[in-house]
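Read-outs throughout are calculated quantities, based only on the coordinates presented, and are distinct from any laboratory measurement. Note that the structure is a prediction, hence the values are computed from the model and not measured. With ideal geometry, Cβ positions are generated from the backbone for all residues, glycine too; neighbour counts draw on all protein chains shown.
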Amino acid sequence: MGLTLTEKILKAHLVDGEMVKGQEIGIKIDQTLTQDATGTMAYLEYEAMGVPRVKTERSVAYIDHNTLQNGFENADDHRFIGSVAKKHGIYFSRPGNGICHQVHLERFGIPGKTLIGSDSHTPTGGGIGMIAIGAGGLDVAVAMGGGAYYITCPKVVKVELTGKLPSWVAAKDVILEVLKRMSVKGGVGKVIEYCGEGVKTLSVPERATITNMGAELGATTSIFPSDEITKEFLKAQQREDVWTELSADSDAIYDEEIVINLSELEPLAACPHSPDNVKSVKEIGKIKIDQVCIGSCTNSSLMDMLKVAHILKGRTVHPDVSLAIAPGSKQVLNMLAENGALSIMIDAGARILESACGPCIGMGQSPNSKGISLRTFNRNFEGRSGTKDGQIYLVSPEVAAASAVAGVFSDPRDLGDMPEFKLPEVFKINDNMIVPPVAEADMDSVEILRGPNIKPFPTTSPLDSSIDAGVSLKVGDNITTDHIMPAGAKILPLRSNIPAISQHCFTICDEQFPSRAKEMGKSIIVGGSNYGQGSSREHAALAPLYLGIKAVLVKSFARIHRANLINAGILPLTFVNEADYDDISQGDQLVLDNVRGEIEAGKSELTVINKTTGKEIKVMCELSGRTKDIILAGGLLDYTREALK
């Protein structure tokens, strides 16, 4: 029986466990990446481990999220990250060099390698045939220290692509179609593997758009084969030497199969407020729009930008529309400037933003009240744009540009024939914004530069013998990490200051939660299904930890957030009978008696007693030997410290 591409790479990197689906496995990590919103905490955690030099083949620290410097905090964090990188063997991508996923694809990604990053859109690397997975910062720190990364051995979904995309239909429409079919929960515990004749019609940037937004499926990652198209891309980046041909065996067995005929697709959009709320542009109709934002790690490649420039050429942005464009990297911006496309965008009335995440994480360009904003981004969760009642639609660059000119939601197919867009044979290579680390012999000469906003990791302690705590918050289904720990220009600079950022925890749902939780001392959160979907930000676990959360009891968890809770030493519980969710109210007192003893004994089914109502509720706490030990130790940092002694 043949192997899938996913199985081949995982098997080659397996260091712990067996390749049995549903069981935990540990894999060797070749590369890591961090970004500045998660990086400061990741490097504080790395320092706490006491490993002097990273043990990966390549680790890169990017500055791309917190580039709006309206106070000292972001600049101080950047200086700290730069000094840690220089000392400990990490490459440092300076502010302005570009978005981590775009730059990593261009300059560092290697087919067949494993990559984890402290950002949920790390699966972008699957566009060149990597197993690239989003993870919490602490998991990344452990990998940099030489530790394995643990995941549940995934199911593999085959997405067979046939045909070829019609004119003005884009890679974004492919992943929106997958989201429409599978939903934001459909990829949990799975890797999405693309194959079929249609793959050969997609460039690497187009493939990367698809794997990037596969994160919205809840998938572990997504991957394309490494073929001649991959080789051409790497050759153009002057990195042909790292290319390897990789594909699934012809007789590989998949757990699920989906067939998508690219020729039958049409322009699509994800409507407010979920990436899987997908309709056709034609179905939505010509509604008036207020804003268009083009960029993000999903759609900021050179090819995306050239298509936008073609649509804007000789035209003017509608007077009622604000158009902002953020090229994904310095390489892309340089090439746009040299080939005249940047001038076309400026002539049309576009506002050119720096090569960074920007509006995608609510860092500027928030729309007007109730404003309709078309964005080429990957998430449209309520309030993520910085405007709570903003109506955010996710679209392709082609739909975005055509609509910006028309002033209404527009189908780019109305523009007529689309010219053929080809990637250049050689990209402009200038890595002067990537700072290499000093030699290991010179490490002691580097001073770590810490600003006053950098606070230590929250205090942790071993799991209590019993938990007797009140419910400080009850929430519903599809709670995102943006609900738990909001982003945006006001809050992101506090990512290295857990005491300060915790004051914003869950305030989107309940403004009184931080003060109530702190006053209670210790408490439990109750939630619905798909709890913690979205970003990899471990702050959505660290802030609750600081506020005294001992357990989270929900119908189901998103993968990364559950792992982050375990890493923080917070007990992850799920209802055996989801109907029991209705029998708990905010303020109820819950008890898990002898919980430490039961977990030590390997029990996965526990009993929660609702002291307020007298009801007994069966819950699951499925922990492997390793995750069991992490919970008992009080979190991954304590567990790793002990292991390194």
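One table, with the values for the structure above:
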| item | result |
| --- | --- |
| Label point 7 Å beyond Cα of residue 235 along Cβ direction - residues of segment 388-430 with amide nitrogen under 11 Å | 425-426 |
| Mean separation of Cα contacts under 8 Å (6+ apart) over length of the chain, as relative contact order % | 15 |
| Whole-Hz ³J(HN,Hα) from phi, Karplus 6.51 cos²θ - 1.76 cosθ + 1.60, for segment 444-453, glycine and proline x | 5, 7, 9, 8, 7, 9, 10, x, x, 7 |
| Compactness of segment 281-411 as Cα Rg over 2.2 N^0.38 Å, two decimals | 0.95 |
| Unsatisfied cross-links (Cα-Cα over 24 Å) in the set 235/313; 235/428; 286/313; 288/490; 172/279 | 235/313; 288/490 |
| Inter-label distance, nm, simple model (7 Å from Cα along the C-beta direction), residue 519/residue 75 | 3.9 |
| Projected-area average for segment 320-475 over all orientations - Cα convex hull basis, square nanometres | 18.0 |
| Rg ratio (alpha-carbon, reference 2.2 N^0.38 Å) - segment 212-312 | 1.40 |
| Mean projected area (nm²) of the alpha-carbon convex hull when segment 451-498 is viewed from all directions | 5.5 |
| Net lengthening on full extension, residue 200/residue 464 (0.36 nm per residue, minus Cα-Cα) | 89.5 nm |
| Per residue Cα convex hull volume in Å³ - calculated over segment 37-165 | 127 |
| Separation of alpha-carbon centers, segment 26-96 and segment 178-245, rounded to whole Å | 26 |
| Between helix 72-88 and the chain: long-axis angle, C-alpha atoms, 0 to 90°, nearest 10 | 90 |
| Largest to smallest principal axis extent of the C-alpha atoms in segment 467-644, angstrom | 44, 43, 27 |
| Unit charges on C-beta of K, R, D, E only; dipole of the chain, Debye | 920 |
| Per-pair calculated FRET efficiency, R0 = 45 Å: residue 408 and residue 490 via Cβ, rounded to 0.05 | 0.90 |
| Top positive-direction residue, dipole computed over the chain with Cβ charges, set 236, 65, 558 | 65 |
| Inter-probe distance in nm under a simple model that places probes 7 Å from Cα toward Cβ, at residue 283 and residue 586 | 3.4 |
| Helix-only [θ]222 nm of the chain, DSSP H runs n ≥ 4, -39500 (n - 2.57) each, per residue, nearest 500 | -8000 deg cm²/dmol |
| Cα principal axis extents for segment 131-290, largest first, Å | 53, 36, 34 |
| log₁₀ of I(q)/I(0) at q = 0.15, 0.22, 0.29 Å⁻¹ - segment 531-593, Debye sum with one point per alpha carbon | -0.48, -0.98, -1.30 |
| For segment 372-424 versus segment 435-489, the gap between their alpha-carbon centres in whole angstrom | 34 |
| Label-to-label distance, nm, for residues given as residue 389 and residue 579 (7 Å Cα→Cβ offset) | 4.0 |
| Convex hull per residue volume in Å³, alpha carbons only, for the chain | 142 |
| Degrees between helix 302-312 axis and first principal axis of the chain (Cα, 0 to 90, nearest 10) | 50 |
| Relative intensity, log₁₀ I(q)/I(0), of segment 18-86 from a Debye sum that treats every alpha carbon as a point, q = 0.17, 0.19 Å⁻¹ | -0.70, -0.80 |
| Crossing angle, helix 36-49 versus the chain [Cα axis fit, 0-90 degrees, rounded to tens] | 40 |
| 5 angstrom amide H check on residue 35, placed H, neighbours 5+ away | 62, 118 |
| D_trans [Stokes-Einstein, Kirkwood Rh over alpha-carbon pairs] for segment 418-564, 25 °C, 0.890 mPa s, µm² s⁻¹ | 135 |
| Most to least packed among 346-357, 464-475 [average Cβ atoms within 10 Å] | 346-357, 464-475 |
| Using a Förster distance of 30 Å, the FRET efficiency for residue 603-residue 253 (Cβ separation, nearest 0.05) | 0.30 |
| Translational diffusion of segment 5-263, µm² s⁻¹ [Kirkwood Rh, Cα pairs; Stokes-Einstein; 37 °C; 0.692 mPa s] | 177 |
